[in-house]
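Working notes, beginning with the structure itself.
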Amino acid sequence: MGHTTGPLSLKKNFSWGFLGNIIYALTQSILLIVIARLASPESVGKYTLALAVIAPIYMFVRMQLNYVYASDLSSGLSFSDYFGFRIISSLLMIGVIFLIAPAISFDKETAYLIVILSISRYFESLSDITYGEMQKQERIDKVGISKILRGLLTIIIFTIILMLSNNLVLATLGLAVCWFFTFIIYDLPNTRAYVSIKPIVKLNHIKTIVIMAIPLAIYQLLLSLNTNMSRYYVGYFFTETELGYFGAVSYIVIASVNPISNALSQSMISKMSKSYYNKKYKKFKSLLFKVLMFAVLTGLIGVLGVFIFGEFLLTILFGEDYASYSNILFIMMFSTIFLFSNSVLALALTSMREFKIQPILGLIWLIKSVLLCSILIPIFGLEGAALSVVLSSFFQLIIRLVFLFYRINKDARKEC
């Protein structure tokens, strides 16, 4: 294989993954800043609520299929099989959202945002499965460039449309068009350099993929509900304005976690999968420990940064009205310590092909999240919502750790 298509080193892959994810996360955060500056907190609330409504359905359909494909060393299925399945499943997602959006009692603008954002997620899901091939080839540079391109295009077009039209729905439509062009112009040609991009749809292959991935689909659905539960409760107990403030603050936490988590996952999935598949348990645990320590340290740095600069950060990003919510941001930032670590442990479970246990874990976390929100938010308000996020992520970490090391030690003993 030529130089332009050969694998990169772990250091280069992580660097590209981190760069791509951090720039993409920044552009998504800038979208909220643009809405807050050019529109209103109510508009921020509607946009974040639309994202929260779509998220569980999208995550269910997404199934972490790129990681399933990247770690698939034994099924005999090709990229074309996974690509064909992704096209069909994502079209079903759009159909479901089109049906439920008018039925849910949102105002017309929020319903339009839900529909348009679901279309944009369709194009994102197609890009996502091409990332699986790049992960398998250990070419995360192409994933990083794709995300940078998509993010920068989106922020430019979105901002221009919103400035000229003062229409959030129209600006969001521009976002969907940008994601479509990124997939067509960049992601497909890159994937074609390695594999055929002609989708294959065979019922027996679809059945195999569903059997492998449905536990992760259920898990992703439950995890998304768990992640967005505090927003649902805030939307129920408070006004759209307060939801807008809380949504903006909570998005800073998401934007700080996702880039690093995604970079770690994209750069480590292939190596960790091969280590566990080849029964090199000591190497697997060594990799896991190093990445976990990095995750914990990163979370602690984030907490310290918000403690010092939190109020200033909110003022610069969103305006003086948001600065009074710096206490919410500080509380929520403690969750990053556990969220970073959780993403590493989730990667480890996927590398081990431990799919069936994950829906059970997701259900436990969802029940716990509902209980925490039901108790804390009516009593403590937005501070309770922030605290529920922290406690929820902490309980996830403990349960994952217990299962993960039980499973690793059990498999290692079999080899003795």
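Any read-out appearing in this document is the output of simple, stated calculations on the displayed coordinates, not a laboratory observation. What you see is a predicted model; the values in this text were computed from it and never measured. We place every Cβ from the backbone using ideal geometry, glycine too, and count neighbours over all the protein chains shown.
For this structure, a couple of remarks:
- Placing +1 on the Cβ of every Lys and Arg and -1 on the Cβ of every Asp and Glu, with no other charges, gives the chain a dipole of roughly 2100 debye about its Cα centre.
- Exceeding the 24 Å Cα-Cα cut-off - candidates LYS147/LYS207; LYS11/LYS147; LYS147/LYS271; LYS147/LYS202: LYS147/LYS207; LYS147/LYS202
- Stretchable slack from LYS414 to ILE184, in nm (0.36 nm times residue separation minus alpha-carbon distance): 78.1 nm
- Size of electric dipole in segment 298-413: Cβ of Lys, Arg +1 and of Asp, Glu -1, about Cα centre, debye, nearest 20: 860
- Its Cα gyration tensor gives segment 188-305 an equivalent ellipsoid, and the semi-axes of that ellipsoid, as √(5λ) in whole Å with the largest first, are 33, 25, 16.
- For segment 285-292, backbone phi angles converted through the Karplus equation (6.51, -1.76, 1.60; θ = phi - 60°) give residue-by-residue couplings of 5, 5, 4, 4, 5, 4, 5, 5 Hz, Gly and Pro being listed as x.
- Farthest towards the positive end of the charge dipole of segment 10-410, among the residues PHE183, TYR58, LEU216, is the Cα of LEU216, using unit charges on the Cβ of Lys, Arg, Asp and Glu.
- Segment 147-225: trypsin sites (Lys or Arg not before Pro) in DSSP coil with no more than 13 other Cβ atoms inside 10 Å: LYS202
- Segment 191-238 shape via C-alpha gyration tensor axes, a/c threshold 1.5: prolate
- Calculated on alpha-carbon atoms, Rg and Dmax of segment 48-107 in Å: 14.6, 48
- Qualifying GluC sites (Glu not before Pro) in segment 101-157, where qualification requires a DSSP coil assignment and no more than 15 other C-beta atoms within 10 Å, are lacking entirely.
- Binning the C-alpha pair distances of the chain at 10 Å intervals from 0 yields a P(r) profile of 5, 22, 34, 28, 11, 2, 0 %, listed from the shortest bin outward.
- Straight Cα distances below 16 angstrom link LYS280 to the aspartates and glutamates ASP411, GLU415, with same-chain residues fewer than 8 positions distant left out.
- Counting only DSSP H runs of at least 4 residues, each contributing -39500 (n - 2.57), and dividing by the residue count of the chain, the helix-based mean residue ellipticity at 222 nm comes to -30000 deg cm²/dmol.
- Listed by chain and number, the aspartates and glutamates whose alpha-carbon sits under 20 Å from that of LYS290, ignoring those within fewer than 8 places in the same chain, are GLU138.
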